[in-house]
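Just below is one structure, and these are the notes that go with it.
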Amino acid sequence: MKRGLLVGIIGLFFMSLHVFAQQVNVTGRVTAADDGMPLPGVSVSVKGSKSATQTDINGNYKVSVAKDAVLVFSFMGMQTQEKTVGGATTINVVLASDAKALNEVVVTALGIERDKRTLTYSVQNVKGEDLRESNQSNIINALQGQIAGAQISSSGGSPGLPSEIILRGSTSMNGDNQPLMIVDGIRVNNSSSNGTVNRLADFNPEDIEDVSILKGAAAAALYGIDAASGAIIITTKKGKAGALQINGSYKSFVETMGRTAKQQGIYTLGTGGVFDESVASSWGRKFRYDESVYNNVDRFFQTGVTHDVNLNLNGGTEKLNYYVSGGYRNAGSMVPNTNQEKINLMLKGTAKISSKMDFTTSMSYIRNDIQEGLGGASAGGWINSISLYPLMYDILEYEKPNGEPLYTYQENDPRNARISPMWGVMRNPRVNDVERFLINGNLVYKPSNWITLNYRLGQDLTNSKYRTIVTPGTPGSADTFNGSVSESNGLTKFITSTLNTTFDRKINQDFRATLILGINSDYYDGQSVAYSAREFTADGIFSPNVADKTTYNITDSWSRRQRYAVYGDFKLEYKNIFAIGITGRNDWTSTLPKDARTFYSPSYSASFAYSELLEAKDWFGKLRFSYAKVGKDAPIYRTNTNLNQVQTVGGGYVKSALSGNPYLKPERTSETELGSEWSFFGRRLNLDVTYYNRKSIDMIMTTRVPLPSANVQMTFNIGSIENKGYEISLNGIPVKTKDFTWSATLNAWKNTSKVLEFPGDIITFPYTNAQLNGGKAASTLNKPVLGVVGYDYKKNEDGYTIIDKNGYPVIAGTKDDEKYIGNREPEFNIGLINNLKYKQFSLSFLWDFRFGGDIFNASRQRMMSVGTAYDVGQWRDKEFVFNGVVQQDDGSYVKNTKTVVLDYSFFANNYYQVGTNFIEKVNWARVRYITLGYSMPKKLSSRLGLRNIGLEFSAQNPIIITNYSGGDPEVNSAGPNAGGAGGASTMGVDNGAIPLPRTYSLGLNITL
């Protein structure tokens, strides 16, 4: 027995020697295919066993396995690879990105990732790289032409002016139709106060990973009472597992004047053809040959230079990754005495606390200080003072050598003197300084592979200062002639808290069900303190400390809003062929009366991927349908009547002119959406077509009320509007070879709106901040929402213009004759993006086309009133026969044949008064940007100790072709502040707009 045991032990010993003899030590390195960087944290396992290891920070690994073992290399976002050892001692692996998985996932409401194949509503995605190609510092402007259904307009070409984005038309007349802005899952501030830049421009485009645009009600339904205008979901960059990577870039921009309106240089100051310097209009005689004529518009604008520097670091492992970035922008402007200094700092990291728990946190600091030489009113008017300034004066002569104002004309009282607009630009700037702090934490816990709990808490804190001064000696107002200062300091914060529980499980081989249940809290707090003072007693000091104490005016305000919500989202999928979705959200808001504070938002959607049913391999086809109801609550403090402090002697309080309404209820918007998607040739050609019909009812509007009610204004639920249209997005890769790739994307859209209902006898609702001479931005019953009302010439029953017996057209000039005269909505829009790459070179450019849509050219009307308009020089004192009819004594009409002279009296008393003379149907074709890049081959850059080095040349707005008679036709006089007492948007109103500049840039990009 002992002998048998000994034999067995010896046998086992030799068997183990044989096994160890079959074992080999394998080493190697794992890198990424796209950039050749080492990948730490890659799982290296032995197939069929539990044996596994991970690569180190340099991507290296070491493992001891049998000769016939199969190694499995897996990493998140990468395609898994298997390698048979076969006795090899070194196995290096290159992992490629899992493009299929990445391309088919889109970010939707509440940051939920969805499979695009089974998505039941329209979502459009813009990559961060496409934003950066445009080289726009304002993210809103960078989206122009890249989204089907988005109407984007800028208030002008100055760094401190706002831009506005409207998705699928206006849904409200309360002054704000912009979508909800979400950054990394939390609501952020995108307001624009005092005509300053919209606050989304504070963010650094270099930190953006991608942007998801939720245009429809169904897509945004989980945001409930915030979803009526859609939502824009911005995801910032995060750390990538791998060795430390350092990216740096420097760009220098040169900004020049864009397209401006023409002026006449034939006639000088005076009236009736007689020179008179005491008047400010140019209706005098012709300039003599020995008199100077200054092109003051060209002389006013300058060349601005901007420097932009960015640096970011990222790296880590699968268990811990980080992203750190910093940006500095020092921007000049073509507008004198205008500049911007912006700092962006961001820290973001993700830690895998355990196999079931992840924690992501980010912190951002932003400082954005802007000084502007040109200040406008709430209705715009930025360069009116320049375009109206007489051409006999040099606009650059505005002060004496000792710094005192140089008046170009003065009779007695200097308060009524005339001075170059450059005085105000250089001596009376406005300053807007902003600091922002954003903090965001997201905890994800997966107790099982089909249950996920997600809690997010974040805050956006904005501290802003807005300051304007008037230097003593500035004419125009008796109140401010001895100087004034006004300053407003505001502190706003948005706090977002969201808890999601997701159940995602396959019921069987064919069915998959997903259920999301969640609660949300959204808190807003806005506080401000403002002061103003006049009559300075010390030179060069702009402070209330040296102002007349009796002129002090101090106000403060505090606005708060609390919302709570519960919601659910259920989705059922069958074999990736059929999908149905149902969502429901109930909101409670503090801005509505107690019995109307709750609001329910449901949505129903479905998709049918019929190509999956046919087992198609090279093409994909899908139909979508959705229906949803969403809403919008009331502005803060509109349910109660407030008291205002009296600023006169004795003080006290008086009832506010804006009366509260305790019966307000939410606005309601319902939308039906139909869509279809196709992909062909292995996804090299993709088409998405969408039709929508949206109706908004119970619109919240602030309007005047009869004086016997003891109120001036009140907020009501009155009226309804409709938007319908279609969107087409076509993208493809027409050419793809080893060295050359051409990809293109075409976005096309059309929106048609209509005012369906107004209360009582109201026919027209004018916008407070766009009521100009001869015309007003307004909404009219049974007409498109973005309309213009004004005066026209009288017409007979056959539509012919009525001419009086003196030969001039007759104005329909009474208040009752004011009518709808223009539609500011474009008839059709196209954005065409092209990206070409040949070896190390790349070229991208975006064409933007607009067809139709009216512009109310109030800039030309103002220039017409003082005689500086270009067409005054072309037509003044010319003989002309107006096309129309003359009424006879018996009531009949005969064709007009009388010749008249187009003199000062006609232009000032007739032509200027008629709004239809300044309505222009506008088309344009413009290149938004052209960017040419070169990336040095890796073999050369590595010799310099760099991973990558690239050069870039870009031009923004280099080409515009248009039939518009004015400056740049992209106009929006009041920007997002179009409301006042109400209004949808002033898009399409040109009231002294600063033209968009032509900008050229040169950049250097380095990766260490």
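The values are calculated or read from the model by the stated rules, or taken from the named source; none is laboratory data. Everything numeric here is computed off the predicted structure, so don't read it as measured data. So basically every Cβ, Gly included, is an ideal-geometry build from the backbone, and we count neighbours across all protein chains shown.
Please verify whether the range 775-797 includes one or more residues that are in contact with a Ser or Thr (Cβ under 9 Å, 6 or more places away or on another chain), free of Cβ contacts under 8 Å to residues at least 12 places away in the same chain and assigned by TED's automatic domain parsing to the domain that holds Trp847.
For the range 775-797, residues in contact with a Ser or Thr (Cβ under 9 Å, 6 or more places away or on another chain), free of Cβ contacts under 8 Å to residues at least 12 places away in the same chain and assigned by TED's automatic domain parsing to the domain that holds Trp847: absent.
Test Val431 against the stated conditions and say whether it is under 29 Å from Asn190 (Cα atoms), under 25 Å from the mean Cα position of the chain (by Cα), of a type in the set (A, V, I, L, M, F, W, C) and modelled with pLDDT under 95.
When the stated conditions are applied, Val431 passes them.
When you go through Phe740, Phe680 one by one, which is the residue that is on the phi < 0 side of the Ramachandran plot, surrounded by fewer than 18 Cβ atoms within 10 Å (Cβ to Cβ) and out of contact with any Gly (no Cβ under 9 Å at 6 or more places or on another chain)?
That would be Phe740, the only listed residue that is on the phi < 0 side of the Ramachandran plot, surrounded by fewer than 18 Cβ atoms within 10 Å (Cβ to Cβ) and out of contact with any Gly (no Cβ under 9 Å at 6 or more places or on another chain).
Take the range 237-257 and flag every residue that is buried (at least 22 other Cβ atoms within 10 Å of the Cβ) and at pLDDT 90 or above.
Answer for the range 237-257, where residues must be buried (at least 22 other Cβ atoms within 10 Å of the Cβ) and at pLDDT 90 or above: Phe253, Glu255.
Glu372 passes all but one of (1) surrounded by fewer than 21 Cβ atoms within 10 Å (Cβ to Cβ); (2) touching a residue at least 12 places away in the same chain (Cβ under 8 Å); which number fails?
Tallying (1) surrounded by fewer than 21 Cβ atoms within 10 Å (Cβ to Cβ); (2) touching a residue at least 12 places away in the same chain (Cβ under 8 Å), Glu372 fails exactly one: (1).
Note down all Cβ pairs under 6 Å where the first residue falls in the range 447-469 and is assigned by TED's automatic domain parsing to the domain that holds Asp358 and among the basic types (Lys, Arg), the second is surrounded by 15 or more Cβ atoms within 10 Å (Cβ to Cβ) and in a strand (DSSP E or B), and they're at least six residues apart or on different chains.
Arg456/Asn442; Arg456/Thr498; Lys465/Asp433; Lys465/Asn489; Arg467/Val431; Arg467/Glu487
Can you tell me which residue among Asn896, Asn991, Asn957 is over 30 Å from Arg704 (Cα atoms), touching a Leu at 6+ places or on another chain (Cβ under 7 Å) and crowded, with 18+ Cβ neighbours inside 10 Å?
Matching residue, one of Asn896, Asn991, Asn957: Asn957.
Filter the range 532-551 down to residues that are out of contact with any Lys or Arg (no Cβ under 8 Å at 6 or more places or on another chain), outside any helix (DSSP H, G or I) and surrounded by fewer than 16 Cβ atoms within 10 Å (Cβ to Cβ), then give me how many there are.
Selection size over the range 532-551: 6.
Restricting attention to the range 175-187, does a residue exist that is within 12 Å of the chain's Cα centre (by Cα), hydrophobic (A, V, I, L, M, F, W, C) and surrounded by fewer than 22 Cβ atoms within 10 Å (Cβ to Cβ)?
Yes, the range 175-187 contains a residue that is within 12 Å of the chain's Cα centre (by Cα), hydrophobic (A, V, I, L, M, F, W, C) and surrounded by fewer than 22 Cβ atoms within 10 Å (Cβ to Cβ).
Filter the range 756-799 down to the residues that are among the hydrophobic types (A, V, I, L, M, F, W, C) and over 25 Å from the mean Cα position of the chain (by Cα) and list them by number.
Leu756, Phe758, Ile762, Ile763, Phe765, Leu772, Leu781, Val789
One residue is enough: does the range 82-98 have a residue meeting the conditions more than 29 Å from Arg187 (Cβ to Cβ), touching a Lys or Arg at 6+ places or on another chain (Cβ under 9 Å) and without any contact (Cβ under 8 Å) to a residue 40 or more places away in the chain?
yes
What residue, among those in the range 283-326 that are in a strand (DSSP E or B) and among the charged types (D, E, K, R), is surrounded by the fewest Cβ atoms within 10 Å (Cβ to Cβ)?
That would be Lys286.
Collect the residues in the range 683-726 that are in a strand (DSSP E or B), basic (Lys, Arg) and either surrounded by 15 or more Cβ atoms within 10 Å (Cβ to Cβ) or not assigned by TED's automatic domain parsing to the domain that holds Gly169 (or both), keeping them in residue-number order.
Listed by number, the residues that qualify are Arg694, Lys695, Lys724.
In the range 497-531, which residues are surrounded by fewer than 18 Cβ atoms within 10 Å (Cβ to Cβ), charged (D, E, K, R) and closer than 30 Å to Leu438 by Cα?
Once the filter is applied, which keeps residues that are surrounded by fewer than 18 Cβ atoms within 10 Å (Cβ to Cβ), charged (D, E, K, R) and closer than 30 Å to Leu438 by Cα, the range 497-531 yields only Asp525.
Considering the range 504-538 alone, what residues qualify as being without any contact (Cβ under 8 Å) to a residue 60 or more places away in the chain, in contact with a Leu (Cβ under 7 Å, 6 or more places away or on another chain) and over 20 Å from Ser557 (Cα atoms)?
Of everything in the range 504-538, just one residue is without any contact (Cβ under 8 Å) to a residue 60 or more places away in the chain, in contact with a Leu (Cβ under 7 Å, 6 or more places away or on another chain) and over 20 Å from Ser557 (Cα atoms), namely Ile519.
Take Pro414 and tell me if it is within 24 Å of Ser155 (Cβ to Cβ) and touching a strand residue (DSSP E or B) at 6+ places or on another chain (Cβ under 7 Å).
It is false that Pro414 is within 24 Å of Ser155 (Cβ to Cβ) and touching a strand residue (DSSP E or B) at 6+ places or on another chain (Cβ under 7 Å).
Listed here are the residues, each with its yes/no results for (1) of a type in the set (A, V, I, L, M); (2) within 30 Å of Gly732 (Cα to Cα).
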| site | (1), (2) |
| --- | --- |
| Tyr808 | no, no |
| Lys837 | no, yes |
| Gln840 | no, yes |
| Ser844 | no, yes |
| Ala858 | yes, no |
| Val881 | yes, no |
| Ser905 | no, no |
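Looking at (1) assigned to a strand (DSSP E or B); (2) out of contact with any Leu (no Cβ under 9 Å at 6 or more places or on another chain), which is the only condition Asn731 fails?
It fails just one condition, (2).
If a residue must be at pLDDT 90 or above, in a loop (DSSP other than H, G, I, E, B) and not aliphatic (A, V, I, L, M), how many such residues does the range 376-402 contain?
9
Of the conditions (1) free of Cβ contacts under 8 Å to residues at least 60 places away in the same chain; (2) farther than 30 Å from Lys776 by Cβ, Asp394 fails just one. Which one is it?
(1)
Taking the condition of being within 18 Å of Met346 (Cβ to Cβ) and crowded, with 16+ Cβ neighbours inside 10 Å, how many residues in the range 423-438 meet it?
4
Select the helices (runs of 4 or more DSSP H) contained entirely in the range 848-950, then report the ones holding at least 1 residues which are in the same structural domain as Thr986 (by TED's automatic domain parsing), more than 29 Å from Ser387 (Cα to Cα) and touching a residue at least 12 places away in the same chain (Cβ under 8 Å).
Fully inside the range 848-950 and qualifying: 938-943.
Could we say that Ser611 is buried (at least 17 other Cβ atoms within 10 Å of the Cβ), more than 13 Å from Gly224 (Cα to Cα) and modelled with pLDDT of 95 or more here?
no
If Lys116 satisfies all but one of (1) modelled with pLDDT under 90; (2) within 28 Å of Ile700 (Cβ to Cβ); (3) surrounded by fewer than 23 Cβ atoms within 10 Å (Cβ to Cβ), what's the number of the condition it fails?
All conditions are met except number (2).
Tell me the residue from Ser153, Ser137 that is in a strand (DSSP E or B), in the same structural domain as Gln956 (by TED's automatic domain parsing) and surrounded by 19 or more Cβ atoms within 10 Å (Cβ to Cβ), please.
Only one candidate passes the filter, namely Ser153.
Counting only residues that are farther than 17 Å from Val971 by Cα and either part of a helix (DSSP H, G or I) or not hydrophobic (A, V, I, L, M, F, W, C) (or both), how many does the range 807-828 have?
Matching residues across the range 807-828 total 11.
Confirm whether Ala218 is under 21 Å from Thr669 (Cα atoms), part of a loop (DSSP other than H, G, I, E, B) and in contact (Cβ under 8 Å) with a residue 60 or more places away in the chain.
In short, no.
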